[in-house]
């Protein structure tokens, strides 16, 4: 019998956390720990008639935890073990709260297994007591729900050989996995900022069928072996399961170094890609100090909007990178149009509008950047359908493009331009609100105002004014605001 891959410990790897997130992680883990403490109190108040059996099962689950398998650096699930099937077997053998007792013993063992883990620096791990308390709380809570479902579905503890216990067994194994996974995804989402649905798809969807099936088959067979042959039967069935898990552990340890090297190489490649796009954006802004820093500032606004709207880390990276090169098509627009200090004529505006098409074509020639194409092409579409180049309206416009559209407009209004000075922040907000439902997606506008409420006006800067301060702080003091068309290289060289 193969050991199911049960994923059920608090993650050890923590990415950079937005301000305030650690507080919510502490609140969440504390609530789960207290819930687990309540379940433990119920176990002590209503103990199973046979204490020895659940303790024996708990000892086996603890042994399984000691042989749990660490996964690779990029895996948010941290490790896999077979202890879950022992808890299911305990429920169907001794009663609804017996699984919680078994998991209480196994959960205490995670204090050892997670402390010796090498997946993350010690400074990135949860404190020892909080980590252990959360794991125990998560496990015993899931087992308590599973035991309750087993009884509600007509299960009879200690009589697993009866066919009528099959459906309750399926229900208990399923609920144990579902509750466990829901609590685990919750803490991962708070730690990393990833959307729960994305965590489910990327990290756990593949584990569910085998985990549930393993709980049903493994838990049922363990319970049946104990019912028929007691301790000898239990050991006879459990040892092959543990041996399979140990063999898997040896295999993973053998391949971990190679996989981690590959993952490190992928991370370096991602960083190189981000650096390349940032460089491209800076090159686009370099000729005109009005727009020097424009793309980077839009990227910052767009990423904040994407995070507030619940986009996962991968989607946020796409939005941020697209914002850096959203105006790359302006390389095909003549300088006299880009830098014109007054309104454009109809013919000039028609030429200017081509930059979205040119930009999408340029990005389309770059392998690996396909996800950026619709954002670059459609960042000048309007919610009411009056934008360009394709006149898309409403939700037909990609969400990422709608986010960049608003970020672009806000940055432009907050910064000086050749034909006007920056608007006051109050005027910017009023204009955004006025254009919600016409130029901008109302949902993205709501996200902007939520960011304003949390980050304040200081988050929004006048990028052109920032350049002025750098210019006026060096030898180029003769440069006037009316002649701001200077090379970025001059600014950097003079201020170095």
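Only one of the numbered conditions (1) crowded, with 21+ Cβ neighbours inside 10 Å; (2) modelled with pLDDT of 85 or more is violated by residue 194, and that is (2).
Residues that are modelled with pLDDT of 90 or more and either surrounded by fewer than 17 Cβ atoms within 10 Å (Cβ to Cβ) or farther than 30 Å from residue 193 by Cβ (or both) within region 319-334 are absent altogether.
Of the set (1) modelled with pLDDT under 85; (2) farther than 24 Å from residue 38 by Cβ, all apply to residue 166 but (1). Of all residues in region 155-174, those satisfying the criterion of being free of Cβ contacts under 8 Å to residues at least 60 places away in the same chain and either in a loop (DSSP other than H, G, I, E, B) or buried (at least 22 other Cβ atoms within 10 Å of the Cβ) (or both) are 156, 162. Within region 413-436, the set of residues being modelled with pLDDT of 70 or more and surrounded by fewer than 18 Cβ atoms within 10 Å (Cβ to Cβ) comprises 423, 424, 425, 426, 427, 430, 431, 433, 434, 435.
Going by the structure shown, is residue 185 more than 25 Å from residue 223 (Cβ to Cβ), crowded, with 17+ Cβ neighbours inside 10 Å and without any contact (Cβ under 8 Å) to a residue 24 or more places away in the chain? Yes. Confirm whether residue 402 is in the same structural domain as residue 377 (by TED's automatic domain parsing), at pLDDT below 90 and either surrounded by fewer than 19 Cβ atoms within 10 Å (Cβ to Cβ) or closer than 23 Å to residue 358 by Cα (or both). So residue 402 fails the test. Residue pairs whose Cβ atoms lie under 8 Å apart, sitting 6 or more positions apart in sequence or on different chains, and linking a residue in region 47-72 that is in the same structural domain as residue 89 (by TED's automatic domain parsing) and modelled with pLDDT under 80 to a partner that is surrounded by fewer than 17 Cβ atoms within 10 Å (Cβ to Cβ) and part of a loop (DSSP other than H, G, I, E, B), are 70/118. Of all residues in region 275-295, none are modelled with pLDDT of 90 or more and either within 30 Å of residue 456 (Cα to Cα) or outside any helix (DSSP H, G or I) (or both). From the list 373, 357, 337, 363, the lone residue that is assigned to a helix (DSSP H, G or I), at pLDDT below 85 and closer than 21 Å to residue 298 by Cβ is 337.
The residues on offer are 310, 387, and the sole one that is closer than 30 Å to residue 188 by Cα, part of a loop (DSSP other than H, G, I, E, B) and either within 26 Å of the chain's Cα centre (by Cα) or assigned by TED's automatic domain parsing to the domain that holds residue 299 (or both) is 310.
Take residue 229 and decide whether it is crowded, with 18+ Cβ neighbours inside 10 Å and either touching a helix residue (DSSP H, G or I) at 6+ places or on another chain (Cβ under 9 Å) or at pLDDT below 85 (or both). The answer is no for residue 229.
Each residue in region 13-46 was checked for being modelled with pLDDT of 80 or more and not in a helix (DSSP H, G or I), and 1 pass.
The values are calculated or read from the model by the stated rules, or taken from the named source; none is laboratory data. The shown structure was predicted, so the numbers you read here are calculated from the model rather than taken from an experiment. Neighbour counts are summed over all protein chains in view; Cβ atoms, including those assigned to glycine, are modelled from backbone coordinates with ideal geometry.
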